[in-house]
Amino acid sequence: MEHESGSQAERSAADQPQRTWPRRAGRVVVIYAVVPYLALAVMLGVFQRKLIYLPTIKATLTPADAGLPAGRVHTVDITTDDGLTLHGWHLLPTGRTAADQDECDKELAEGRWLVIYFHGNAGNRRRRVKDCTDFTELGADVFLFDYRGYGDNPGSPSEEKLAADAQAVWKYATEKRHVAPERILIYGESLGGGVATRLAAEISQAGTPPAGLILSSTFSSLVDAASFHYPWFPVSLMLTERYPSVERIKNVTCPILHIHGSEDTIVPIQFGQRLFDAAPEKSAAGIKKRFLELKGYGHNDIAKSTFHDAIQTMLDAIEAAR
């Protein structure tokens, strides 16, 4: 009996490492993989706005910072519904100047196109002046505003707050500067495409659609774009900032032009195509939507000559449909 009992004890001791090894391995996985993963996921969820919105902040931004001739750029200010004052610039077309806002209003009253420009998630309006010349060279005026928390503007950005800022700019253009909605083009690039799409959808539903919606290098939703860059995280569950443009664009009744580079690695072209596919086939005036794929171009290097031609074609179609 003693011999058998000793054998059982020896077998039990021999089996002990085999039973404890999986437990130790499990603890190692939890400590070195699961815990860091969960911690990083929580950080991404909590600090997502810090990752999404990357403003360049300056105490002041003046027309001189725009690097354009005197009289071509004028400071404009708007007040949001929650009481913030947002600063921006009015850029006149190439070759046109004005001494003050009264003269600017006379210029706007001539009935030229006005572009409301919504920029991407980084920097401030100073970086977009060169891009605005794509429109001013076509004879259009441009309202270029920074979002709250960007440039010299107070406040903190969020999806809902940027939507409120966009509505404030629209009201400023149509109500204070008396520009007819049918003379206004809404332009949005990258994250600004989400802002622009929402504004175009809201004012279309309100019965005052803009002349057109121009999108560049933007996404179907921020969830789609973020899931592409962070495939190992449950992004759809984590994001509160979602920008579901693919759902909103269905309500846009104005003509739509979407421009996207085939080699865009920040917002891959499939997400732009997904957004375009969800848009109405034609505007209320019967103008077909258009998707322009720029072969070989990325996120920030859209071909200028092709961009010009596409915009001019859109403007000609709008004029012809009236």
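By the Kirkwood approach, averaging reciprocal distances over each pair of separate Cα atoms, segment 61-212 gets a hydrodynamic radius of 15.2 Å. For segment 54-320, the alpha carbon convex hull comes to 121 Å³ per residue, rounded to a whole number.
Between segment 134-162 and segment 190-233, the alpha-carbon centres lie 15 Å apart. For the pairs 50/161; 50/250; 171/282, flag any whose C-alpha to C-alpha distance is greater than 22 Å. Over 22 Å apart, Cα to Cα: 50/250; 171/282. For segment 38-140, rounded, prolate or oblate, judged on the Cα gyration tensor with a ≥ b ≥ c (square roots of eigenvalues), a/c < 1.5 rounded, else prolate if a/b > b/c? Note, shape of segment 38-140 comes out prolate.
Its Cα centre serving as origin, segment 157-199 has a Cβ charge dipole (Lys and Arg +1, Asp and Glu -1) of approximately 200 debye.
When Rg and the Kirkwood radius Rh are both evaluated on Cα atoms of segment 130-260, their ratio Rg/Rh stands at 0.98. In a reduced charge model with +1 at each Lys and Arg Cβ and -1 at each Asp and Glu Cβ, segment 164-322 shows a dipole moment near 400 debye about its Cα centre. Find the centroid of the Cα atoms in segment 81-127 and in segment 286-322, then give the distance between the two in whole Å. A separation of 22 Å, based on Cα centres. The mean sequence separation of alpha-carbon pairs under 8 Å and at least six residues apart, normalised by the residue count of segment 93-204, gives a relative contact order of 35 percent. Here the peptides 85-97, 105-117 are ranked by packing, the mean other Cβ count within 10 Å, and the order with the highest first is 85-97, 105-117. Here the peptides 247-253, 62-68, 147-153 are ranked by packing, the mean other Cβ count within 10 Å, and the order with the highest first is 147-153, 247-253, 62-68.
Throughout, read-outs are computed from the coordinates displayed, never taken from laboratory work. From a predicted model like this one, the values you see are computed outputs, not experimental measurements. In this analysis, Cβ positions are derived from the backbone assuming ideal geometry, glycine residues included, and neighbour counts consider all displayed protein chains.
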